[in-house]
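Written out below as structure tokens is the structure these notes cover.
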Amino acid sequence: MAPSGPPGAAVEPEHLVVVRSRHPWRWVAAVAVAIVVAQFIHGLVTNPGWDWGTFAQYFTAASVLKALWMTVQLTVYGTVLGFALGIGLAAARLSKNPVLQVVSWTYIWAFRSIPLIVQLLFWFNIAYLYKTLSIGVPFGPAFVEFDVNDVISGMMAAVIGLALHQAAYSAEIIRAGIISVDAGQLEAAAALGIPKRRQFFKIVMPQAMRAILPNAANEVISLFKGTSIVSTMAIAELFYQVQVIYGRSGRVVPLLMVATVWYIVLTTLLSIGQYYIERHYARGSARSLPLTPWQKARTRIRTFLDTATTGRTPTRAGDAR
């Protein structure tokens, strides 16, 4: 604010002049970014190397959609089995049993140290080590025997590798979320005589989920993209199928864009699901939840329509409805 009277004189509040703060470099940066984005979009539209006709031809091709479904299956199986095992590993690390603690720590250390592609190839070639699997008395007679090649197919090897790899990371995410809950709340719950089971599900987990969900969602997205590694095992997931097609047609760039866009679409869907799940578990951390993007859009549309109809801009939340 700048006074409108002579220097040193008292200025009445109604005589104060409000001067808007100017940020010219923000506009310079915005214009520069807009130019770069416009050039990129222009290149996408005009550069014939992108070959959008081939992209449109294969984007919804039956072979691509079948491979996409395989990718989704690998992600779902790896996520469900990985987090189920991760919960057990996290519980073992948090237990007071030293044997369980050591076994859990060793598992996490080992599977986080070995690259995923090595784990996948190991399970894919497990028949070189073990020809048969048997069920029976430990170190004693076997009641049932299976041929490993019949039991562990390429798909099964991929699921096992992805799930065991995912379990090591999910265990640490879950453990970190649980220990982030203030121990004083558990002491207060115990003093009130609340059973331990109810303490865990009503006090610990709702708060731990707020810390677990962002990292867990990142792991699911990483696993979804990481399924492309199973192409080394000749499993017909999305990236492998795209490689097969451009190996025959020679149209490398448009086929890579087919895989890229599908990865973006499904990752976006996962991110939307993550947003609403996090919003659900954030209910206890705020008096009122912020509006969702859809609710914000509806509010702005209603505000615009009210302004166009009445000729005035709503100034209160009630006016924008």
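General observations
- Accessible surface of the chain, 1.4 Å probe, proportion on carbon and sulfur as whole %: 65
- Counting only heavy atoms of the protein chains and using a 1.4 Å probe, I178 has close to 40 Å² of accessible surface.
- Mean silhouette area of the range 135-175, derived from the convex hull of its C-alpha atoms and averaged over all directions, reads 4.5 nm².
- Each 5 Å bin, from zero up to the one with the longest distance, holds this percent of the alpha carbon pairs of the range 176-281: 2, 11, 15, 14, 12, 9, 9, 8, 7, 5, 4, 3, 1, 1, 0.
- Dividing the mean sequence gap of close Cα pairs (under 8 Å, 6+ apart) by how many residues the range 175-278 holds gives a relative contact order of 26 percent.
- Ordered from largest to smallest accessible area (heavy atoms of protein chains, 1.4 Å probe), the residues L186, L213 come out as L186, L213.
- Area of M70 that stays accessible when all protein chains are in place (1.4 Å probe, Å², to 10): 50
- Solvent-accessible area per residue in the range 137-194 equals 54 Å², computed with a 1.4 angstrom probe and all protein chains kept.
- Hydrodynamic radius (Kirkwood) for the range 179-241, which is based on Cα pairs only, to one decimal in Å: 14.6
- Phi to ³J(HN,Hα) by Karplus 6.51 cos²θ - 1.76 cosθ + 1.60 over the range 252-269, Hz, x for Gly, Pro: 5, 4, x, 6, 5, 5, 4, 5, 4, 5, 5, 4, 5, 4, 6, 5, 5, 4
- In order along the range 75-92, phi translates into HN-Hα couplings of 5, 5, 4, x, 5, 5, 5, x, 6, 4, 5, x, 4, x, 5, 5, 5, 5 Hz, rounded to whole numbers, per the Karplus curve 6.51 cos²θ - 1.76 cosθ + 1.60 with θ = phi - 60° and x for Gly and Pro.
- For W123, the accessible area of its heavy atoms, probed at 1.4 Å with every protein chain present, is near 60 square angstrom.
- A quarter of the convex hull surface defined by the alpha-carbon atoms of the chain gives 31.7 nm² as the mean projection.
- Shown here: the range 1-155, whose C-alpha atoms stretch 104, 58, 24 Å along the first, second and third principal axes, sorted largest to smallest.
- F304, F59, ranked by accessible area, largest first (probe 1.4 Å): F304, F59
- Of the residues A127, A191, A211, the one that moves most in a GNM of the chain with alpha-carbon contacts below 10 Å is A191.
- Remark on the range 85-198: ratio of C-alpha radius of gyration to 2.2 N^0.38 Å is 1.44.
- Lysines with Cα under 28 Å of K66, excluding same-chain neighbours fewer than 8 positions away: K225
- Percentage, to the nearest whole number, of Cα pairs in the range 31-104 over 13 Å apart: 78
- Rounded to the nearest Hz, the phi-derived 3J(HN,Hα) couplings of the range 143-156 under the Karplus curve 6.51 cos²θ - 1.76 cosθ + 1.60 (θ = phi - 60°) are 8, 9, 10, 10, 7, 4, 5, 7, 8, 9, 7, x, 5, 5, where x marks glycine and proline.
The values are calculated or read from the model by the stated rules, or taken from the named source; none is laboratory data. Owing to the predicted nature of the structure, the values given are computational and were not obtained by experimental measurement. To get the accessible areas, we keep the full protein, side chains included, count just its heavy atoms, and leave off ligands, DNA and RNA. Shrake-Rupley method; radii C 1.70, N 1.55, O 1.52, S 1.80 Å.
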